[in-house]
Amino acid sequence: MGIKDRLVLVTASASGIGKAVSEVFLQEGCNVIMNDKDKEKLTSVVQSFSKLYPSMKIDYCVADLLIPAQRRYLRDYIIDKYGYLDILVSNLGNGKAMADNKLLADEWDRLVNINLLSTVGILDEFITVFKNQQRGSIVLISSITALERSGAPYAYSAAKSALLTLNKNLSVELAEYGIRINCVIPGNVFFPGGRWEEIIRHDPDGTREFIEREVPFKRFATPEEIADAVVFLASERSSFTTGAYLAVDGGQTKRF
């Protein structure tokens, strides 16, 4: 992939897609800084990866990226220690509803903060770093709910859709600095502890019927399949690609 020894930050990486993204970068020979707000889960994953990939540098920084001061702390930690960053993967997101009313203002505040404003904030911290370097690669994580109607909370879908617009607009601004930004759109991804595990537990037959009806491949994606797309867009294999989005959804949205 042409990214050996690159320094990568993956946010929300203690589980699921973020964990898988971190591991694929390690497999490609990158040095990875993992971030999450859950210290116990994060340190456990870091210890596991350190044993699996003893020749790679694996670092971590515990920070809640919903809090502006902690976003700044994460940036300062990396720049003070390393002085640079090559690749940023902004992965924080959560589509779980906390209320039945999909128009409830508090729900919109919560979900937009998690799924959009946290990414805006982390970009604000690191784009200056990338501009000063005159290089960098950024990958955002959206959702198929950004492309078409689904049963997801409206605020979640709107926030994930806004990421696509942000991606397109920033790509033009950042190109003159040698910075690329792209977006991966995961389909339905199953992993232990994830949202789909909970849904299956409550309605296994209905979930199976939904997947078989809506997804041409008739199965869930794995986190590793999403991670492969993220690493490709971050790598030199996509050096002339910016402002793009890649749907990894088994054909569910029938787009590219």
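The values are calculated or read from the model by the stated rules, or taken from the named source; none is laboratory data. Owing to the predicted nature of the structure, the values given are computational and were not obtained by experimental measurement. Glycine also receives a Cβ, built like all others from the backbone with ideal geometry; neighbour counts cover every protein chain displayed.
A few points about this structure:
- Qualifying residue in region 207-222 (condition: touching a helix residue (DSSP H, G or I) at 6+ places or on another chain (Cβ under 8 Å), more than 20 Å from SER118 (Cβ to Cβ) and in contact (Cβ under 8 Å) with a residue 40 or more places away in the chain): yes
- Test for MET1: is it of a type outside the set (Phe, Trp, Tyr), touching an Asp or Glu at 6+ places or on another chain (Cβ under 9 Å) and either crowded, with 21+ Cβ neighbours inside 10 Å or part of a loop (DSSP other than H, G, I, E, B) (or both): yes
- Output for region 196-214, where each listed residue is closer than 30 Å to LEU26 by Cα and either of a type in the set (A, V, I, L, M) or in contact with a strand residue (DSSP E or B) (Cβ under 9 Å, 6 or more places away or on another chain) (or both): TRP196
- Of note, ASP80 does not satisfy the criterion of being within 25 Å of ALA229 (Cα to Cα), surrounded by fewer than 22 Cβ atoms within 10 Å (Cβ to Cβ) and not polar (S, T, N, Q).
- A single entry from ASP100, ASP109 fulfils the requirement of being within 21 Å of PRO68 (Cβ to Cβ), of a type in the set (Asp, Glu) and without any contact (Cβ under 8 Å) to a residue 40 or more places away in the chain: ASP109.
- Looking across region 211-246, the residues that are hydrophobic (A, V, I, L, M, F, W, C) and modelled with pLDDT of 95 or more come down to ILE226, ALA227, ALA229, VAL230, VAL231, PHE232, LEU233, ALA234, PHE240, ALA244, LEU246.
- Selection count, region 80-94, where residues are part of a helix (DSSP H, G or I) and of a type in the set (Ser, Thr, Tyr): 1
- Search result, residues across region 143-189 that are modelled with pLDDT under 85 and either closer than 30 Å to GLN133 by Cα or of a type in the set (A, V, I, L, M, F, W, C) (or both): ALA152
- Cβ-Cβ distances below 9 Å connect the following pairs, each with a first residue in region 35-63 that is within 14 Å of PHE25 (Cα to Cα), a second residue that is surrounded by fewer than 19 Cβ atoms within 10 Å (Cβ to Cβ) and small (Gly, Ala, Ser), and a separation of six or more residues or different chains: SER55/GLY29; MET56/GLY29; MET56/SER50; ILE58/SER50.
- Whichever residue in region 22-66 is under 16 Å from the mean Cα position of the chain (by Cα), within 18 Å of ASN94 (Cα to Cα) and of a type outside the set (A, V, I, L, M) and, among such residues, is surrounded by the most Cβ atoms within 10 Å (Cβ to Cβ): ASN35
- Against the test of being over 20 Å from VAL8 (Cβ atoms), surrounded by 13 or more Cβ atoms within 10 Å (Cβ to Cβ) and in contact with a Pro (Cβ under 9 Å, 6 or more places away or on another chain), the options GLY243, GLY187, GLY250 yield a single qualifying residue, GLY250.
- Selection within region 95-129 - modelled with pLDDT of 90 or more and in a loop (DSSP other than H, G, I, E, B): none
- Qualifying residue in region 238-245 (condition: in contact with a helix residue (DSSP H, G or I) (Cβ under 7 Å, 6 or more places away or on another chain), free of Cβ contacts under 8 Å to residues at least 60 places away in the same chain and small (Gly, Ala, Ser)): yes
- Against the numbered list (1) surrounded by fewer than 21 Cβ atoms within 10 Å (Cβ to Cβ); (2) among the small types (Gly, Ala, Ser); (3) over 20 Å from ILE226 (Cα atoms), SER161 comes up short only at (3).
- Cβ pairs under 8 Å, 6+ apart, first in region 67-86 and over 19 Å from LEU116 (Cα atoms), second surrounded by 13 or more Cβ atoms within 10 Å (Cβ to Cβ) and charged (D, E, K, R): LYS81/ASP59; ASP86/ARG6; ASP86/ARG135
- In the condition set (1) surrounded by 13 or more Cβ atoms within 10 Å (Cβ to Cβ); (2) farther than 20 Å from ASN113 by Cα; (3) of a type outside the set (D, E, K, R); (4) over 14 Å from the mean Cα position of the chain (by Cα), SER137 is compliant with all but (4).
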